[in-house]
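All remarks here apply to the structure that follows.
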Amino acid sequence: MIDLQTLVDETGAESGLSFNIDGILNESVNLEYDGNVAAMIGMILKMCLEMSEDVNNGDLKQVMIKNNDGIVVATKNEDDNCVALLSKDLSKMGLLLRKMDSVFNN
């Protein structure tokens with residue numbers, strides 16, 4: 001089980017959430033409208049998963065969304081459980097990607 005608060009603290013992310021691929025929220029940290037965010041990121045992951053399957057690129061593991069004001073890194077496991085971290089500091093991108101990989105590989 002992932003300790004979401006610890007994950008947010010260790011990465012310096014502003015917020016995080018855990019949910020399933022259908023966008024059903026399990027837990028959130030420091031996030032307003034967390035149910036809506038879980039639903040939207042879940043839909044993005046599901047669409048990217050289907051696209052990955054359609055082009056025969058294998059199973060989707062992670063999606064990164066980067067904009068002018070920050071990044072979102074969302075990762076799913078083989079059971080379609082998902083975790084997303086949000087940060088306004090673009091310099092944390094590598095740390096977020098690496099930490100999310102290590103969480104789901106252990």
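The values are calculated or read from the model by the stated rules, or taken from the named source; none is laboratory data. Source: prediction; values computed, not measured. All Cβ positions, glycine included, derive from the backbone under ideal geometry; neighbour counts span all protein chains shown. Areas reflect the complete protein model, heavy atoms only, side chains present, ligands, DNA and RNA absent. Shrake-Rupley method; radii C 1.70, N 1.55, O 1.52, S 1.80 Å.
See the values below:
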item	result
Filter result (of a type in the set (Ser, Thr, Tyr) and open to solvent by less than 80 Å² (accessible area, probe 1.4 Å)) within the stretch 56-106	Thr75, Ser87, Ser102
Tally, over the stretch 76-105, of residues that are within 18 Å of Asp59 (Cβ to Cβ) and polar (S, T, N, Q)	3
Residues of the stretch 1-35 that turn out to be open to solvent by 30 Å² or more (accessible area, probe 1.4 Å), within 15 Å of Cys82 (Cβ to Cβ) and outside any loop (DSSP other than H, G, I, E, B), as a count	7
Residue match in the stretch 42-60 (condition: among the charged types (D, E, K, R) and either at pLDDT 95 or above or under 19 Å from Lys99 (Cβ atoms) (or both))	no
Strands (runs of 3 or more DSSP E) contained entirely in the stretch 54-94, each with at least 1 residues that are touching a Phe, Trp or Tyr at 6+ places or on another chain (Cβ under 8 Å) and within 21 Å of Leu25 (Cβ to Cβ)	70-76, 81-87
Set Phe104, Phe19: member being among the aromatic types (Phe, Trp, Tyr) and touching a residue at least 60 places away in the same chain (Cβ under 8 Å)	Phe19
Filter result (open to solvent by 20 Å² or more (accessible area, probe 1.4 Å) and of a type outside the set (A, V, I, L, M, F, W, C)) within the stretch 36-55	Asn36, Lys46, Glu50, Glu53, Asp54
